[in-house]
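Computed from the coordinates by the stated procedures, all read-outs in this text should not be read as laboratory data. Remember, it's a predicted structure, so these values are computed and weren't measured experimentally.
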Amino acid sequence: MTSEKTLVLLKPSAVIRGLIGHIVDRIERKGLKIVAMKMIMISTEKAECMYSIHKGKPFFKQLIKYICSAPVVVMVVEAGQAVKIMRKLIGFTDPIEAIPGTIRGDLAFSTTKNIIHTSDSMENSKKEIEIFFTADEFLEYRRSDESWL
């Protein structure tokens, strides 16, 4: 199976609430391989680029202010169908609608201050990854369980 990469962003609420380890554990237990990861403060410029599809919407300024308000963890995960797997793993954007057992269903309280983002398509994944990572930041390695996944 062809492997694909997708961006995962743990937002300020996840960092401030101490959920980084728990969320990373869930991603790894699912079988996704983390090939790049760092904690950063997102600049307004990068935030506006990341969320450019929402520009002009009433919540855009609030979203930018929130995402720049505290550190975030950005990572790239890899697996066959990584985008679909991550979308299912995190659940619906609205935590009220997110099914228990998903990251948002179990941990999120608010749509406005959501705890996690992942790309919704391979096209967007490529664009979003380029906002935060350069090619030399990716690592290649084999997980010990890869042949079982």
Margin query: Please compute the contact order of the range 1-128 in relative form: average sequence separation of alpha-carbon pairs under 8 Å and at least six residues apart, divided by the residue count, as a percent.
Written below: 39 percent
Checklist line | Phi-based couplings in Hz for the range 8-24 (Karplus 6.51, -1.76, 1.60; Gly and Pro marked x) | finding: 10, 10, 8, 6, x, 4, 5, 5, 5, 7, x, 9, 4, x, 5, 5, 4
Margin query: For the range 11-149, give me the percentage of DSSP beta bridges that are antiparallel, rounded to the nearest 5 percent.
Written below: 90 percent
Notebook entry, point to check: Using every alpha carbon pair in the range 33-149, what percent of pairs falls into each 5 Å bin from 0 up to the bin containing the largest distance?
Noted result: 2, 10, 18, 21, 24, 16, 6, 3, 1, 0
Check: Is it possible to state the helix-based mean residue ellipticity at 222 nm for the chain, with each DSSP H run of 4+ residues giving -39500 (n - 2.57), the sum divided by total residues, to the nearest 500 deg cm²/dmol? What is it?
Finding: -10000 deg cm²/dmol
